[in-house]
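Below is one structure; the comments refer to it alone.
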Amino acid sequence: MIMKAEDIRISFRKERQLFRRERQEILHGVSLNLKQGECLGLVGESGSGKSTLAKVLCGLNRPDSGSVEIGGLSLYGGDRQERQSLRHEIGIVFQEYTSSVNPYFHIETVIEESLRACGKTKKRKSEWDDLIDSLLTRVGLPLSYRKKYPHELSGGELQRVCIARTLALEPRIIVFDEAVSSLDGATQVIVMDLLNEIQKDLGLSYIFITHDLTTITYMCDRVTFLKDGLVVEELENLDELKDLKNPYARKLIESVLCLDA
Amino acid sequence: MIKQFFQSRLSIACLVIILLFTLAGIFAPYIAPNDPYETDLMNKFSSYTREHPLGTDQLGRCVLSRLIHGIRPTLFLSLLAMAGTITLGLVMGILAGYFRGWVDEVIMRVVDVMLSFPSQIMILAVVALLGIDIRNVILANIFVKWAWYARMIRTTVIQYTGKNFVLFSKSIGSGSPYILTRHLLPCIASELVVLATLDTGWTILNISTLSFLGLGVQAPTPEWGAMLNEAKNVVTSNPGQMVAPGVAIVILIAAFNMLGDCMRDAMDPREVRN
Ligand SMILES: Nc1ncnc2c1ncn2[C@@H]1O[C@H](COP(=O)(O)OP(=O)(O)O)[C@@H](O)[C@H]1O
Ligand SMILES: [Mg+2]
């Protein structure tokens with residue numbers, strides 16, 4: 001078990017009303033387990049709290065209650081040292097690639113930031129250069145892209161840059177928050193192939209968030225269904241997709257199977 | 001972005017005008033044909049001659065020389081005021097927008113109070129309170145203007161801290177100094193430069209106005225507003241005295257305003273990036 005999230009609850013302040021500040025709970029006690037080397041799918045309709053959960057898992061949103069443990073260390077525990085050390089164990093790739101990268105940064109600066117953040121001391125400039133080169137090659141981008149700006153890249157290419165900068169952390173877990181959802185069909189498959197290959201080579205564990213079930217069958221080993229901030233169904237095996245108990249999950253599946261037919 | 005900017009002829013023209021004024025101001029003693037303080041009562045209100053290209057004023061001083069020497073207080077004092085305004089606004093805006101919470105509350109309430117005063121009257125009040133002196137005029141300008149900048153910058157900071165690239169930065173633990181200087185500052189700067197350029201025109205006008213009213217730069221010193229003030233006294237007999245400083249102010253302010261507009265067009269990332 002590489003990551004364990006237990007009973008996560010989080011709430012946001014509702015739109016401020018006169019004299020009243022109500023909070024609205026978005027996640028009502030979600031628990032997740034991620035095994036070493038697997039790809040866990042997280043499915044749910046939009047607004048079910050997938051992105052919120054992803055941010056909690058990456059240390060961006062402190063939950064009201066519950067805990068996230070990575071390799072036995074607590075992400076929101078009291079120990080600052082411990083929290084810092086976990087920063088590089090888990091990386092995130094967002095859906096909107098255009099806002100994921102600072103528009104004023106060169107591609108190489110984007111990757112450099114990750115290298116800097118995970119404490120790769122800059123012994124020689126060439127050392128970083130080599131690392132950036134190898135990362136770009138790793139995600140299948142030509143080295144000439146180093147000096148390009150984000151707006152000069154296509155969606156698929158930019159998403160590859162995002163993958164590269166996450167890999168620069170040398171993480172053990174990567175969370176993909178609908179990372180391929182905004183790409184077109186052919187590019188989706190190419191990027192997912194790349195992700196599968198990277199996972200095999202580096203022995204990473206993935207959490208793959210999507211609202212699209214076809215991508216699940218392509219990527220994931222296990223699936224968890226989320227609805228309105230609750231886990232409604234957990235599948236240990238993709239073969240079980242046919243006989244789901246939960247009506248919500250079944251409806252999702254059926255809609256996809258209809259499309260396939 | 002910069003390429004885009006230099007493709008426009010208008011922006012280059014504005015830049016050249018401002019640059020020429022700046023250089024003329026810096027090298028005023030070498031360029032000006034005469035001493036701006038040298039009076040020659042026998043020769044007052046002379047028309048355009050070789051010796052006095054723009055004629056002389058009511059004390060027989062060379063108008064062109066006074067105009068050139070006047071660039072220093074006019075332009076440089078407003079730039080100084082702008083620098084102060086931006087620095088204060090930037091610090092306050094970033095503190096409020098990035099750290100939120102009670103820091104935000106306190107700063108924004110002060111900003112609200114500042115913004116609810118009419119700015120011109122505030123400046124007059126501050127100058128009246130602190131005494132008539134050009135330093136106080138600059139302080140008053142900063143005091144009145146910083147709130148606008150703080151509010152604008154806070155909004156921009158909040159907008160950008162929600163963006164994914166800042167979230168990613170936070171998730172990998174890049175640290176606030178890095179996020180502020182490398183991510184947020186460039187994003188703010190593009191908007192700030194535009195606003196600041198447009199506002200420089202306003203500040204020049206403001207300082208000149210105060211000098212015209214006799215609250216800023218004082219009489220013998222050549223400043224465009226002060227020159228207009230002196231010319232005002234003889235406006236019925238020699239209205240031509242108003243022309244030179246008036247035109248100079250108009251040209252400089254127009255240049256700043258147009259430059260600001262050109263920058264806005266060039267700097268908008270959405271404009272460039274598609
Ligand atoms: N920072 C926030 N403040 C207030 N409400 C939020 C915030 N983030 C998310 N929400 C709310 O949480 C719910 C779930 O959002 P999200 O996690 O983005 O869903 P998903 O990614 O599954 O589409 C939405 O109803 C959204 O309005
Ligand atoms: Mg989402």
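The values are calculated or read from the model by the stated rules, or taken from the named source; none is laboratory data. Being a predicted model, the structure only gives us computed values, none of them experimental. Heads up, the Cβs are rebuilt from the backbone with ideal geometry, glycines too, and the neighbour counts pull from every protein chain shown. Protein only, heavy atoms only, side chains kept; ligands, DNA and RNA dropped before computing areas. Shrake-Rupley method; radii C 1.70, N 1.55, O 1.52, S 1.80 Å.
Some observations on this one:
- Here A:R83 does not qualify as farther than 23 Å from A:V232 by Cα, within 16 Å of ligand 1 (Cβ to nearest atom) and at pLDDT below 90.
- Which numbered condition A:Q36 fails, given (1) among the polar types (S, T, N, Q); (2) exposed (fewer than 13 other Cβ atoms within 10 Å of the Cβ); (3) away from ligand 1 (no atom under 13 Å from the Cβ): (2)
- If the condition is being among the acidic types (D, E), buried (at least 20 other Cβ atoms within 10 Å of the Cβ) and over 14 Å from the mean Cα position of the chain (by Cα), then the range B:179-227 contributes only B:E223.
- Per-region count, the range A:6-37, residues closer than 13 Å to A:T224 by Cα and not polar (S, T, N, Q): 3
- Number of the condition not met by A:Q36 [criteria: (1) within 16 Å of ligand 2 (Cβ to nearest atom); (2) in a loop (DSSP other than H, G, I, E, B); (3) over 21 Å from B:V166 (Cα atoms)]: (1)
- Residue check, B:V217 within 30 Å of B:G70 (Cβ to Cβ) and either within 14 Å of another protein chain (Cβ to nearest Cβ) or at pLDDT 90 or above (or both): no
- Of all the listed residues (B:G60, B:G70, B:G93), the sole one being at pLDDT 90 or above and either out of contact with any strand residue (DSSP E or B) (no Cβ under 7 Å at 6 or more places or on another chain) or not in a helix (DSSP H, G or I) (or both) is B:G93.
- Of the helices (runs of 4 or more DSSP H) lying entirely inside the range A:54-136, those containing at least 3 residues that are more than 10 Å from chain B (Cβ to nearest Cβ), out of contact with any His (no Cβ under 7 Å at 6 or more places or on another chain) and within 25 Å of B:P186 (Cβ to Cβ) are A:107-117.
- Residue satisfying condition, being over 19 Å from the mean Cα position of the chain (by Cα) and acidic (D, E), within set A:E45, A:E89, A:E15, A:E69: A:E15
- Near pairs, Cβ below 8 angstrom, 6+ apart or cross-chain, from the range B:151-170 (assigned to a helix (DSSP H, G or I)) to any residue that is among the polar types (S, T, N, Q): B:N164/A:S99; B:N164/A:S100; B:F165/A:S99; B:F165/A:S100; B:F165/A:N102; B:F168/A:S100
- Subset of the range B:19-42 (residues that are in a helix (DSSP H, G or I) and either at positive phi or of a type outside the set (V, I, T) (or both)): B:L19, B:L20, B:F21, B:L23, B:A24, B:G25, B:A28, B:P29, B:Y30, B:L41, B:M42
- Condition met for A:V30 (in a strand (DSSP E or B), out of contact with any Cys (no Cβ under 7 Å at 6 or more places or on another chain) and open to solvent by less than 60 Å² (accessible area, probe 1.4 Å)): yes
- Among residues of the range B:233-248, those that are under 27 Å from the mean Cα position of the chain (by Cα) and without any contact (Cβ under 8 Å) to a residue 40 or more places away in the chain, counted: 4
- Among the residues here, B:I107 does not qualify as more than 18 Å from B:W202 (Cα to Cα), in a helix (DSSP H, G or I), not basic (K, R) and not assigned by TED's automatic domain parsing to the domain that holds B:I188.
- Selected residue (criterion: farthest from ligand 2 (Cβ to nearest atom)) from residues of the range A:62-74 that are surrounded by fewer than 20 Cβ atoms within 10 Å (Cβ to Cβ) and farther than 11 Å from A:I8 by Cα: A:G72
- Residue list for the range B:149-168, restricted to those being open to solvent by less than 10 Å² (accessible area, probe 1.4 Å) and facing chain A (nearest Cβ under 7 Å): B:F165, B:F168
Matching residues to (1) among the hydrophobic types (A, V, I, L, M, F, W, C); (2) at pLDDT 90 or above:
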| position | (1), (2) |
| --- | --- |
| A:R13 | no, no |
| A:Q17 | no, no |
| A:S31 | no, yes |
| A:L34 | yes, yes |
| A:L57 | yes, yes |
| A:N61 | no, no |
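- Of the residues making up the range A:137-185, those that are out of contact with any His (no Cβ under 8 Å at 6 or more places or on another chain) and in a helix (DSSP H, G or I) number 22.
- Condition broken by B:L15, with the remaining ones in (1) more than 18 Å from B:T200 (Cα to Cα); (2) open to solvent by less than 80 Å² (accessible area, probe 1.4 Å) satisfied: (1)
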